[in-house]
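The values are calculated or read from the model by the stated rules, or taken from the named source; none is laboratory data. Note that the structure is a prediction, hence the values are computed from the model and not measured. Positions of Cβ are backbone-derived with ideal geometry, glycine not excepted, and every protein chain shown enters the neighbour counts. SASA here: full protein model, heavy atoms, side chains in, ligands and nucleic acids out. Shrake-Rupley method; radii C 1.70, N 1.55, O 1.52, S 1.80 Å.
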Amino acid sequence: METRELAYFVAVAEELHFGRAAQRLGMAQPPLSRAIQQLERRMGVPLLNRTSRGVSLTPAGAVFLAESRKALDAVDAAVRRARRAGQEVPKLLVAMKPDGDAGLLERILPGYRADPDAIEVEVVVCGIGEQSPMLRDGRADLAFLHGPHDDSVGFDTELLLEQDQLALLPLGHRLAGRAALVMADLDGEPFPRWPGSDVPGPAVRDAGQLLQLVALGQVVAVVPESARRHVRADVVCVPVLDAPRTSVLLAWPDRTRSRAVAAFVRASTAVRSPVAPSPTSAEPAVRTSRTGPAAPPGRRPPSAAAGTPA
C-alpha cells in the first residue's frame, strides 16, 4: 500500500464528498473514485457507504481513517526528524502552550545542558491543544502535555507535576471575596469554549485572551494552580476544592532512539515536584517564539534513559 492511497482515502473520508476531495487533492474525480474502489477490493472490506444522499464511513472506514492519519503523520515525522538530524547544528524542538511547563523548564534546562548528550533546545510556543499534533507529525521532539485534557495516545510520558485548580474571576465578582469555592458555586456562570470543545461560550485560543475575557466579566474559568503566577491585577484567583487535579506530562514519541530526547527526559524527571514551582530566576532560561525561536541546548536517546513511562 502506498502513502498516496492513504492520502486519497483520508481526503474522501474527511470531505465525505468525492468532488470536494478531488478538488482538494488537485485531481479529477473519476481516477479518485477508481483508486478508492481498488483500495476497498484489495482490503476486502467496504470503507465507504455510497448512497444517493451522500457518502459516509463504514465501521471499517472509521478505523482505517484513524490509522491512515497516524501512518501519514509518521511519514511526515520521519522526514522532518531526519532533516533536523542532518542539520549542521542539530536542535531539539520542545512544544508547549504559554506557561505549559508550569515553571519547570527553567529548572530543567541547566541540568540538561550539563548532560553530554545535550544539544541546542528550541522551544516552540503553540496554541491550546496543538502540542500533541506537533509531536505526532514531527514538528516537535518533546511536548509538555496536560492531563486529562491533551491526547497522549501513542506517546511515552513522564508525570512531572500534579496541581490543584483554582477559579479565575473578575474583580468585583460575587465570589471574588471567598477563601475557597466548590464547583457547584459556579453553576450558571459563563465558561470559555476551548479549542475542540462544544461548550457554549466565547471561544478562547490562548491564556492572554482568557485573562482578558475574565477581566471583562464575560467568562469565569477553572485552571491549574500554576496559572496564578501570571494573573493580572484585575483578575482574582480562588481555590476550587472539589475540582479534579490536573497533571503536567512530558511526552515524546514511543520507541524514540534519540540520545538528546533521553537526556531531556532525565533532566526533567530530576526536577519533578508535587507542587507547582514558582520562578526563581530573573533571567529566562530559554528564548521562545511562536514561530520556532531558538535557545540553548538539549538531546538524548529515549529508549535508554527515558525513565518509566507514566
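Here the chain is treated with +1 on each Lys and Arg Cβ and -1 on each Asp and Glu Cβ, and its dipole about the Cα centre works out to around 880 debye.
Think of a 1.4 Å ball rolled over the protein heavy atoms: the range 102-180 then has 37 Å² of accessible area per residue.
Helix 59-85 and the longest principal axis of the C-alpha atoms of the chain enclose an angle of approximately 70°. Under a Cβ-Cβ cut-off of 10 Å, what is the net charge of the residues other than Ile128 that fall near it, where Lys and Arg count +1 and Asp and Glu count -1? Combined, the nearby Lys, Arg, Asp and Glu give -1. The GluC sites (Glu not before Pro) of the range 1-38 that meet both conditions, a loop assignment by DSSP and at most 15 other Cβ atoms within 10 Å of the site Cβ, are Glu2.
Contact order, relative form, for the chain: 23 percent (alpha carbon pairs under 8 Å, 6 or more residues apart, mean separation divided by residue count).
Pick from Val236, Val12, Val219: which is most flexible by mean-square fluctuation in a GNM of the chain where alpha carbon atoms under 10 Å apart are linked? Comparing Val236, Val12, Val219 in the GNM, the peak value goes to Val12. Each label point was placed 7 Å from the Cα along the Cα-to-Cβ direction; for Val153 and Arg50 their separation is 2.9 nm. For the chain, the longest principal axis of the Cα atoms and the long axis of helix 29-43 meet at an angle of about 90 degrees.
Does the chain come out rounded, prolate or oblate, given a ≥ b ≥ c as the square roots of the eigenvalues of its C-alpha gyration tensor, rounded meaning a/c under 1.5 and, failing that, prolate meaning a/b above b/c? Oblate, since a/c reaches 1.5 and b/c is not below a/b. Give the percent of DSSP beta bridges with both residues in the chain that are antiparallel, rounded to the nearest 5. Of those bridges, close to 70 percent are antiparallel. Label sites at Ser33 and Ala7, each approximated as a point 7 angstrom past Cα along Cα to Cβ, lie 2.3 nm apart. Which value in nm describes the separation of the simple spin-label points at Leu72 and Asp198, placed 7 Å from the Cα toward the beta carbon? If labels sit at Leu72 and Asp198, their model points lie 2.4 nm apart. Please give the residues of the range 230-257, grouped as numeric ranges, whose backbone N is less than 18 Å from a label point set 7 Å along the Cα-to-Cβ vector of Val182. Under 18 Å, as judged by backbone N against the label point of Val182, lie 238-245 of the range 230-257. Here is the list for the range 134-219: trypsin sites (Lys or Arg not before Pro) lying in DSSP coil, each with at most 15 other C-beta atoms within 10 angstrom of its C-beta, are Arg174, Arg178, Arg205.
To the nearest 10 degrees, how steep is helix 259-269 against the longest Cα principal axis of the chain, on a 0 to 90 scale? Tilt relative to the chain: about 40 degrees.
Taking every Cα-Cα distance in the range 181-255 and sorting them into 10 Å bins from zero, the calculated P(r) comes out as 16, 45, 30, 7, 2 percent.
Based on C-alpha pairs under 8 angstrom that are at least 6 apart in sequence, the range 84-174 has a relative contact order of 34 percent.
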